[in-house]
Amino acid sequence: MSRRVIYYNAGKSYEPETVALMDVLGILNNSTNYGTSPYDLTGVELWTYIDKFFVATKGAFSLTLKVNNLSTVFDAMWLFLLDSATSCKYNAVNPVDSDAAFRLSFSGGWTFNGAGIKGNASNAYANTHWDSLAKAGAQQLLFGGYQRGKGTTGLEGTWDLTNATRIYEFGLFDGYTLGSQSSAGNANLRFTAVNLDSTNMKTYDKDGLDLSYSAPTLTLINKPFYLGARNNNNASINQYSDIEWAMRFITGKAVTESQILAWIPIVHQLQIDLKRNV
Amino acid sequence: MSKIAYLTIEQYRSLQGQYFTQDNLFNPSATADGSYFISEQEINAYEGQEFAWLKDLPLVDISNELPDTTVPVMTGSGVLIPVEAEILELFPNNTFNLGGFKIELIQSAQGLAVDLAYLNWQGFRDEQDKPQNATIKASFTALWYELLARYQRGEIISTM
């Protein structure tokens, strides 16, 4: 029985993004277990939770249900489902196996455990194929993620070392850190996001708190954003991190604060639904 | 702290651009001091035959700290370097640099010499013993034993 038959026979109309993602991952809507214990889920659960997440996300960003339109807000959103590079590489808003669709290209020593991805802080990075020059408008940027485990070292993102210009990056030193501002031990930074609009840059944690960090200088550069490492615009990678991520997202489009605040609990709930021990 | 395995330059090149799982590329890299390595995660995940030798590589803890390349305090005494052309070619501009460990020969009245402090430099010896430096170390083995013999025969000169 094919997924499509199950889809219609189930009498439930899933979001197009759900169908596309489940299809490319080969997840059947049945009782088969997927993933790695203790993070494995049945097909029914994955279809249900992911669809619930997409529906709620569309609500938070005032998008039309049953229309494939998450990509009008997000350039990329990686959910890191199942436990391999092959399953974790897909951009959930456009799950196509191509660089143009921001499919992740993993390199080096990654760990995929079904609850997220984690670099080794030595040589692991993932090329998002997203660069600000091509994708970000003037003062329009949202990026962030959901940390499942805090790291011990390193910075990741994109950086112009020669000009000492912060582009956008996550970093961890003694504890959770956003931007280059230290916030040691702040467990609320499960969800972390930087939202830059025409006048403000705000940074958010799991509880929606604006951490009020200073705004970086947004410089549009033709250098892809990396996960797990800091991509130096004028040379090569000069930092690796070991942050464990349950989700990442990035877009060069503007969103409002009210949209971010509405979306944070939705992201958090997804991680709970996926039994990721957050 | 994570674990890595050191690579020779040939091993490093052989892994470049190769996949170790369907969607994960090997990323043979270099430490800050120029030593080539591959990570424990890549070795463990690899299940093929072409690079089966990876499984035999010893794993070591990696530290982000650079080795201490501080030059030891010179003793003012040394031994002469043999003057054969092939040996002198190992020391362009009378220096030798291995991963940041820099040895400078001294032009004494009797000839080109190396201070005894360099011969007892433990950090340099550890650097030589890294697998990726095996070829370089081999090229110096004969010279090393010749210098040792001269030292043991008491052929020590002043390098002041």
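Report, to the nearest 10°, how far helix B:134-152 tilts away from the longest principal axis of the Cα atoms in chain B, using its own Cα long axis and a range of 0 to 90°.
30
In Å², rounded to the nearest 100, what is the total accessible surface buried by chains A and B against each other with a 1.4 Å probe?
1100
Hand me the tally of lysine pairs in chain B: alpha carbons under 23 angstrom apart, and the pair either on different chains or 8 or more positions apart.
Lysine pairs meeting the criterion: 5.
For region A:16-151, with every protein chain kept in place, what is the accessible area per residue (1.4 Å probe, Å²)?
That works out to 31 Å² per residue.
How would B:ASP33, B:ASP115 line up by accessible area, probe 1.4 Å, largest first?
B:ASP33, B:ASP115
Roll a 1.4 angstrom probe over the protein heavy atoms and tell me the percent of accessible area of region B:21-160 that is carbon or sulfur.
Carbon and sulfur together cover 52 percent of it.
Measure out, as a whole number of angstrom, how far apart the alpha-carbon centroids of region B:1-53 and region A:58-105 sit.
Region B:1-53 and region A:58-105 have Cα centres spaced 30 Å from each other.
Give the lysines whose C-alpha is closer than 18 Å to that of A:LYS52, dropping any in the same chain fewer than 8 places away, or say none.
A:LYS12, A:LYS66, A:LYS275
Name the shape class, rounded, prolate or oblate, that the alpha-carbon gyration tensor gives for region A:1-141, where a ≥ b ≥ c are the square roots of its eigenvalues, rounded holds for a/c under 1.5, and otherwise prolate holds if a/b is larger than b/c and oblate otherwise.
Judged from the Cα gyration tensor, region A:1-141 comes out oblate (a/c at least 1.5, b/c at or above a/b).
Once you average over the residues of B:19-31, how many Cβ atoms of partner chains fall within 10 Å of each Cβ? Don't skip to the answer; put the middle values down first.
Details: counts 3, 4, 6, 5, 12, 15, 6, 4, 11, 2, 10, 1, 2.
Other-chain Cβ atoms within 10 Å of each residue's Cβ, averaged: 6.
Taking only protein heavy atoms and a 1.4 Å probe, what accessible area per residue, in Å², does region B:40-160 have with all protein chains in place?
For region B:40-160, the per-residue accessible area is 60 Å².
Over the whole of A:44-55, what's the average partner chain Cβ count within 10 Å per residue? Rounded to a whole number, please. Don't jump to the answer; show the numbers that get you there.
Values: counts 0, 0, 0, 0, 0, 0, 0, 0, 0, 0, 0, 0.
That works out to 0 on average.
Count charges around B:ILE136 for me, please; just the other residues with Cβ under 15 Å from its Cβ, Lys/Arg as +1, Asp/Glu as -1. Don't skip to the end; give the middle numbers.
Working: positive: B:LYS102, B:ARG125, B:LYS130, B:LYS137; negative: B:GLU10, B:ASP33, B:GLU86, B:GLU89, B:ASP126, B:GLU127, B:ASP129.
In short, -3.
Quantify how strongly other chains surround peptide B:151-159 by giving the mean number of their Cβ atoms within 10 Å of each of its Cβ atoms.
0
Under a Cβ-Cβ cut-off of 14 Å, what is the net charge of the residues other than A:ARG103 that fall near it, where Lys and Arg count +1 and Asp and Glu count -1?
Computed value for this residue: -2.
If you count, for each residue, the other Cβ atoms within 10 Å and average over each peptide, how do B:118-126, A:135-143 line up from highest to lowest?
Highest mean packing first, the order is A:135-143, B:118-126.
Check each residue of region A:66-101 and keep those whose accessible area, probe 1.4 Å, is at least 10 Å² smaller with all protein chains in place than in the chain alone; give them in order of residue number.
Hits at the 10 Å² cut-off: A:ALA85, A:THR86, A:LYS89.
What FRET efficiency comes out for A:LYS223 versus B:ARG153 if R0 is 41 angstrom and r is the Cβ-Cβ distance? Round to the nearest 0.05.
With R0 = 41 Å, the Cβ-Cβ based efficiency is 0.10.
May I ask you to list the lysines whose Cα is less than 17 Å away from that of A:LYS89, ignoring any residue fewer than eight positions away on the same chain?
A:LYS89 reaches A:LYS118.
For region A:75-117, count all C-alpha to C-alpha pairs, find those more than 15 Å apart, and express that count as a whole percent of the total.
Numbers: 310 of 903 pairs.
The calculated P(r) of region A:75-117 puts 34 percent of pairs beyond 15 Å.
To the nearest 500 deg cm²/dmol, what mean residue ellipticity at 222 nm is calculated for chain B from DSSP H runs of n ≥ 4 alone, each contributing -39,500 (n - 2.57), summed and divided by the residues?
Helix-only estimate at 222 nm: -8000 deg cm²/dmol.
Based on the alpha carbons, how large is the Rg to Rh ratio for region B:30-158 when Rh follows Kirkwood? Spell out each step's value before the answer.
Numbers: Rg = 18.2 Å, Rh = 16.9 Å.
Computed over Cα atoms, the ratio is 1.08.
The values are calculated or read from the model by the stated rules, or taken from the named source; none is laboratory data. What you see is a predicted model; the values in this text were computed from it and never measured. So basically every Cβ, Gly included, is an ideal-geometry build from the backbone, and we count neighbours across all protein chains shown. Heavy atoms of the whole protein, side chains included, go into the accessibility calculation; ligands, DNA and RNA do not. Shrake-Rupley method; radii C 1.70, N 1.55, O 1.52, S 1.80 Å.
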